[in-house]
Amino acid sequence: MDIQRWIDALLTRLVDTWRVFVLELRRIFRDSGVMLIFFVAGLAYPVIYNLIYIRNVVENVEVAVVDMSSSPASREFVYRFDAAPEVTVTHTCATLEEAQALLKAQRVHGIIYIPSDYESVLMSGMETAHISLYCDMSSFLYMKNVLTAASMLMLDYMNHIQIDRYEAMNIGGETGWALVQSVPFRAVSLFNPTGGYCAFLVPPILVLIVHQTLFFGINMPQGTAREENKEVFILPGRRRRASVFRLLIGRGAAYFVIYMAIASFALILVPILFGLPHLAMVGDLLRFMVPLLLSTIYFSIFFASFQKERETGMVTMLFTSLIFFFASGISWPWESMNPFWKYLGYLLPSTWGMHGYVHLQTMGATLETTAREYHVLWVLTLVYFSMCALLYAYKAWRMDTAARREQAHRRMQSKQFIEQHISKSRL
Amino acid sequence: MLLRRPVYIFSTYFVMIFSCVFFLTLFKTGSPEKMPIAVVDLDHSSISRRVVHELNATQAVDIVAVTDTYEDARKLMQQGRVYAFVVVPDRFYADLASFKRPEVVFYTNNAYTIGANTASKQLLTIMTLASAAFQREVLRKKGLPDYMIMKRLQPIAIEEHFVGNPSSNYLVYLVGILLPGILGLIVLMITIYSIGSELKWKTSRDWLRAAQGSFTRAMVGKLLPHLILYCTLGITMNIVMVRMMHFPINGSFLWLNVGMVAYILAMQSIAVTFVGIIPILRVALSAGALYGMLAFSLSGFTFPKMGMLPFVQALTNIFPLRHYYLVYVNEVLFGNPITQSLPSVAVLIAFTGLQMLIMRRLYRALLYQYFPKD
């Protein structure tokens, strides 16, 4: 008897969940705005961002040379500087002013100034020769390229000049090298070896695209439902009773099913198509996507619940894409970030999603190594799900009490009406 | 209208103030420092322990772990705990003592470019200095005076000049364009919303009636209060950055703000064009959002335009943020005469003409309301 009732209750719940799921799917596919966000933005953005950064590295930044020394030594320096992949010498100027004018007109993005005493100082072997470098600061990458090329060349030069000088002092060969560089060192870039901008920026952006399209896509139908006075917080077709879990699970499942497909495209297929780093195993990625999508879905459902009109979410929240990106600590490292924003970033599914995804794809970590991000995403799923559940329960309770109050009020009115009638008829 | 709907005031003020506070306080320092790294000590000698100690003492890096194997350090890096690690090889001490030049390798993680760059730059400096210190010891023993040793150790020095941004402050690159970018995004979205919602709620005829049937008067009446609001915000933002945060300004502050006003006008015009082409609120908003977000990448202030494909380079021109960025570079960094900023300002003003092309279509949409509500 008891078991029968349990089974019945379970069946009702399953059927209700299924109904919510189907209803939400129908709502999504009927809404052109949501379809635009999911299937145009969700699928086109990953491709567009790849196209923007497809060249990956900036090479051959234009540099002007002012060679006041015009000696064999300075010419060799210029020649070898030009040979560096990061820069290319496009202008040779007679004066620094001329070069600076070129820089200000953005014709070149760096200047190398070699003073007239360059060679004599080097030859004397007693002084330091100074080379001046002017960097265009309009883009971080210009500065980085010019600086890297110059300092690498300088280090190499320094060692060779020192070796020459020791040889002049009759300290030659290995002993000289042992003096100049007692501990030779080498930098190896383990992941993203070319230091490319695309391979650094686009993988986390892909996660952010998934996160944000889901966020705005969930916002819209919730707003529509509120606008049309449909019941968002209670089971469709029933006036009362909170059935929070059926609603949340059914609704979440609808988005989850659609987004497993979209995210698989954006996070698994696109990196392969565009030659982004894709070191992760597909199984690991799929398993990682589960908490990533679930936490994002409940995060979005929670915030969408405050939405009263369908379009306002898009208008007011669009800027969060930038905030979420910078709060993640992907571009500006966590260690140099204001702690307040760092901890705020910890609360966002996008933060952990981006880090976890970069660890898996770019750095070839396994899901075990990425356990921290993976588990935090599950915790966030739980947190946002509970917050949604509380909110839904509260809203349903309020509607319930409102309905009950109205009923009581109506009963009261009819009672009064009857009483009046009775009293009238008695009269 | 402007005051009746909270979405206008909320979005504009709240979003701008929040973004300003966020981006101006996000960075603890103007450039990153003290990155966490690990050391793999394969030598276990007194000298390798001293290396660890000395590295930590430099304050340039933060050694968070000393591991016994390469695999452990690599795992730490894969977990995102360190940006780089240094491998002190086996027999390091013995080789060093016998002048065999043991090689030290440091591994960096360019998946986190800024962290890795900072760490590797600092490690490079430390190693160069260490090498120089070793030479100095040897030369001292040979009896050379200190002043000669120093010159000998550094035959070439590079003096860096960061034109227009002497402290190479990261905020100046980023925030001076990001914040106007966000403002532009709001201008775009709110303008689309304010016109599109008249269509959605079928109030556009009342609006035209209030303007005595004149389309121009209706548009100016609606958009002018917005314009004043945005310009106040934009100029206040510039004042905060230049006067309060002490961003360098080498050119004319006035022209920077002229650029700002032209930029806002251009964004308004583009918004009107969007609603004109698609007079359906939700679709126009979605399309506007798709376009608006791309401005941040395509204006070329992080990844320069020269690194993009030719057709993408051409595309950068359809984003007013790109042209505002050129004005910003001119006035803030280079301090060129205003004639250099003029072409960009002219392009921004040309954008204002864009809305003329769809005026008729928009007018009819407002009058006849023959487009579907959503």
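Can you tell me what share of the DSSP beta bridges in chain B is antiparallel? A percent to the nearest 5 is fine.
Just about 25 percent of them are antiparallel.
Write down the Å³ per residue value for the convex hull defined by the alpha carbon atoms of region B:35-153.
Values: hull volume 12.7 nm³, N = 119.
Per residue, the Cα convex hull of region B:35-153 comes to 107 Å³.
Write out the trypsin sites (Lys or Arg not before Pro) in region A:106-198 meeting two conditions: DSSP loop, and at most 14 other Cβ atoms within 10 Å of their Cβ.
A:R107
Given a Förster distance of 22 angstrom, what is the FRET efficiency for B:F253 paired with B:T339, based on the Cβ-Cβ distance and rounded to 0.05?
Given R0 = 22 Å and the Cβ-Cβ separation, E is 0.85.
How big is the protein assembly as shown in terms of Cα radius of gyration and Dmax, in angstroms?
31.9, 135
Residue by residue through region B:190-206, what is 3J(HN,Hα) from phi via Karplus (6.51 cos²θ - 1.76 cosθ + 1.60, θ = phi - 60°)? Round to whole Hz and write x for glycine and proline.
Taking θ as phi minus 60°, the curve returns 5, 5, 4, 5, 5, 7, x, 6, 5, 6, 5, 8, 6, 9, 5, 5, 4 Hz for region B:190-206.
For A:148-161, what's the mean count of beta carbons from other chains sitting within 10 Å of each residue's beta carbon?
Mean number of neighbouring Cβ atoms from other chains: 3.
For region B:124-138, take each phi angle, set θ = phi - 60°, evaluate the Karplus expression 6.51 cos²θ - 1.76 cosθ + 1.60, and give the result in whole Hz per residue in order, putting x for glycine and proline.
Working through the residues one at a time gives 4, 4, 4, 5, 5, 5, 4, 4, 5, 4, 5, 4, 4, 4, 5 Hz.
Hey, can you grab everything whose amide H is under 5 Å from the amide H of A:V61? Only 5+ residues off in sequence or another chain; H modelled, so Pro and N-termini drop out.
A:V87, A:T88
I need the phi-derived Karplus couplings for region A:146-153: 6.51 cos²θ - 1.76 cosθ + 1.60, θ = phi - 60°, integer Hz, Gly and Pro marked x.
These are the phi-based 3J(HN,Hα) values: 5, 5, 4, 4, 5, 6, 5, 5 Hz.
Out of all DSSP beta bridges with both ends in region B:35-153, state the antiparallel percent to the nearest 5.
Taking every DSSP beta bridge with both residues in region B:35-153, the antiparallel ones total about 25 percent.
Taking Cα pairs under 8 Å and at least six residues apart, what relative contact order does chain B come out at, in percent?
Result for chain B is 17 percent.
Treating only the Cβ of Lys, Arg, Asp and Glu as charged (+1, +1, -1, -1), what charge dipole size does the protein assembly as shown show about its Cα centre? Round to the nearest 20 debye.
5120 debye
Could you pull out every residue, at least 5 positions away or on a different chain, whose amide H is within less than 5 Å of the one on A:S305? Hs are placed 1.01 Å off N in the peptide plane, and Pro or chain starts have none.
Counting only residues 5 or more places away or on other chains, the set is empty.
Just report the Cα centroid separation between region B:115-137 and region B:162-187, whole Å.
If we compute the Cα centre of each part, the gap is 31 Å.
Given contacts defined as C-alpha pairs under 8 Å and at least six residues apart, what's the relative contact order of region B:181-329, whole-number percent?
Taking the mean separation of contacting Cα pairs over the length of region B:181-329, I get 34 percent.
May I ask what percent, to the nearest 5, of DSSP beta bridges between residues of the protein assembly as shown are antiparallel?
20 percent
Between A:L11 and A:E97, what is 0.36 nm times their sequence separation minus the Cα-Cα distance? Round to one decimal in nm.
That pair, A:L11 and A:E97, stretches by 22.6 nm at full extension.
Amide H to amide H under 5 Å from A:N56: which residues, 5+ apart in sequence or cross-chain, H placed 1.01 Å off N in plane?
Answer set, sorted by chain and number: A:C198.
Go ahead and estimate [θ] at 222 nm for chain B from helices alone: -39,500 (n - 2.57) per DSSP H run with n ≥ 4, summed, over the residue count, rounded to 500. Walk me through the numbers on the way to the answer.
Numbers: 16 runs with 220 residues, N = 374.
Rounded to the nearest 500, the figure is -19000 deg cm²/dmol.
Tell me, what is the percent relative contact order of chain A, built from C-alpha pairs under 8 Å that lie six or more residues apart? Working shown, then result.
Working: 516 pairs, mean separation 76.2, N = 427.
Relative CO of chain A lands at 18 percent.
Take chain B, mark every one of the chymotrypsin sites (Phe, Trp or Tyr not before Pro) that falls in a DSSP loop and has at most 14 other Cβ within 10 Å, then report the longest stretch left between them, sites excluded.
B:202-369
Would you work out which of A:A64, A:L122, A:L153 lies farthest towards the positive end of the dipole of region A:61-180, given +1 charges on the beta-carbon of Lys and Arg and -1 on that of Asp and Glu, about the Cα centre?
The one lying farthest along the dipole's positive direction is A:A64.
Mind checking region A:1-56 for chymotrypsin sites (Phe, Trp or Tyr not before Pro) that DSSP puts in a loop (not H, G, I, E or B) and that have at most 13 other Cβ atoms within 10 Å?
none
How much mean residue ellipticity at 222 nm does chain A get from its helices, if each DSSP H run of length 4 or more adds -39500 (n - 2.57) and you divide by all residues, to the nearest 500 deg cm²/dmol?
-21500 deg cm²/dmol
Read-outs: derived from the displayed coordinates by stated rules, not from any lab. The structure presented is a predicted model; accordingly, all values stated were derived computationally and were not measured. Every residue, glycine as well, gets a Cβ built from its backbone with ideal geometry; the counts of neighbours run over all protein chains shown.
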